[in-house]
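Enquirer: Let me begin by handing over the structure; questions about it come next.
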Amino acid sequence: MIKNMSKNSNLVIERTNNGLGDIIMCLPIFETIYEINPHINIYFDIQKRYSILLEDNPYCEIYNNETKDYYYDFNNGFEVSKNIHRTDLFANFLNIKPKNKKPIIYKRIFELDSEILIQNDYCLMFLQSANIYRQIPNYIAQKLKNIIKKLGFNAYIMSNSGIYIDDKFIKTTINDLFYLIKNSKLCIGPDSGPMHIAGGLDIPFMVFCNIISPDFRYKYYKNWFEIKTCLNLNCLYKCEYNCHYDIPQPCMKFFDFNKIESDIKYVLAGEENK
């Protein structure tokens with residue numbers, strides 16, 4: 001179908017009901033569409049607040065009310081199966097076979113909107129995800145922060161709306177988020193949009209995974225590590241242990257901080273040698 005689309009026609013694919021991670025996992029497919037038919041205009045209809053994801057992308061543009069000569073509605077495409085990587089689901093939906101499945105964010109210029117003064121050689125730790133069962137308690141982040149500082153690097157904790165610097169909370173924009181991730185040495189956090197941003201920008205990251213297999217979301221990125229937090233979903237609902245955590249989240253009893261520290265040390269040593 002894509003091969004037979006007429007020259008200079010507009011192909012519009014809509015995915016307006018999801019966040020950063022799902023959009024980023026769609027990106028490799030547009031390169032394949034372009035290779036199949038380089039004579040059409042390819043538009044990705046996503047929420048305008050995520051337009052930064054398509055800046056400088058050589059294969060597609062954000063949809064801005066152009067004529068829909070060909071249209072695909074992929075709003076519910078990822079809900080078909082939980083056992084297939086999102087990139088593969090999108091490819092199957094369009095009946096194409098991509099050669100390169102690694103998501104790439106092509107944005108070239110990164111600038112801060114907010115006044116954020118941070119030291120060089122830093123790592124970022126993200127506490128929150130859209131799914132409440134993927135949160136990381138603050139004291140775990142503090143422990144990781146101490147590990148990073150012991151290795152001679154700076155560490156900053158981020159929430160879903162800002163960054164903590166010297167016990168001061170500074171609100172951030174999406175431009176700030178991209179700048180901070182792009183210039184970091186390592187990102188650590190739950191299964192969430194910032195981890196996919198790091199992957200798309202080739203920044204090493206470590207992701208807390210508890211409900212899904214990380215391969216279904218992260219296997220096409222490079223230089224990432226999994227931090228396991230619980231064995232199965234039932235643990236979240238049946239556990240009678242009186243946890244002292246401040247918000248609901250996966251049981252942390254399976255943490256191996258020695259392995260986590262070893263992985264962090266390995267990643268940061270590699271970053272130093274670049």
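Every read-out reported here was derived from the displayed coordinates using simple, explicitly stated rules and does not represent laboratory data. None of these values were measured; they are calculated from a predicted model. When we count neighbours, we look across all protein chains shown, and the Cβ atoms used for this are built from the backbone with ideal geometry, even at glycine.
Enquirer: If contacts are Cα pairs under 8 angstrom and at least 6 residues apart, what is the relative contact order of the stretch 2-94 in percent? Provide the component values of the computation, followed by the final result.
Expert: Numbers: 125 pairs, mean separation 36.1, N = 93.
About 39 percent, as a whole number.
Enquirer: If you don't mind, another one. Show which aspartates and glutamates lie in cross-link reach of K97 when reach means a straight Cα distance below 16 angstrom and same-chain residues fewer than eight apart are skipped.
Expert: Once the sequence-local aspartates and glutamates are set aside, what remains near K97 is E31, E35, D88.
Enquirer: Would you work out the charge dipole size for the stretch 84-207 about its Cα centre, treating the Cβ of every Lys and Arg as +1 and the Cβ of every Asp and Glu as -1, and quote it to the nearest 20 debye? Let's see the in-between values first.
Expert: Numbers: 16 positive and 10 negative charges, 104 e Å.
Here the stretch 84-207 has a charge dipole of around 500 debye.
Enquirer: Starting from the amide H of I188, placed 1.01 Å from N in the peptide plane, find each other amide H under 5 Å away whose residue is 5 or more places distant or on another chain.
Expert: Distant-sequence amide H within range of I188: L124, M125, F126, M206.
Enquirer: Give, as a single signed number, the net charge of other residues whose beta carbon lies under 11 Å from the beta carbon of L54, with Lys and Arg counted +1 and Asp and Glu -1.
Expert: Values: positive: K48, K107; negative: D45, E55, D56, E61.
Net local charge, L54 excluded: -2.
Enquirer: What is the distance in Å between the Cα centroid of the stretch 25-50 and that of the stretch 91-129?
Expert: Cα centroid of the stretch 25-50 versus Cα centroid of the stretch 91-129: 17 Å apart.
Enquirer: Ok, one more. If neighbour count is taken as other Cβ atoms inside 10 Å, put I174, I136 in order from fewest to most. Please report the intermediate quantities before stating the final value.
Expert: Details: I174 16, I136 26.
In order of increasing Cβ crowding within 10 Å: I174, I136.
Enquirer: Now, a different point. Which value in Å is the Kirkwood Rh of the stretch 2-94 over different Cα pairs? Show your work: numbers first, answer last.
Expert: On the way: mean 1/r = 0.0747 Å⁻¹.
Across the stretch 2-94, the inverse of the average 1/r is 13.4 Å.
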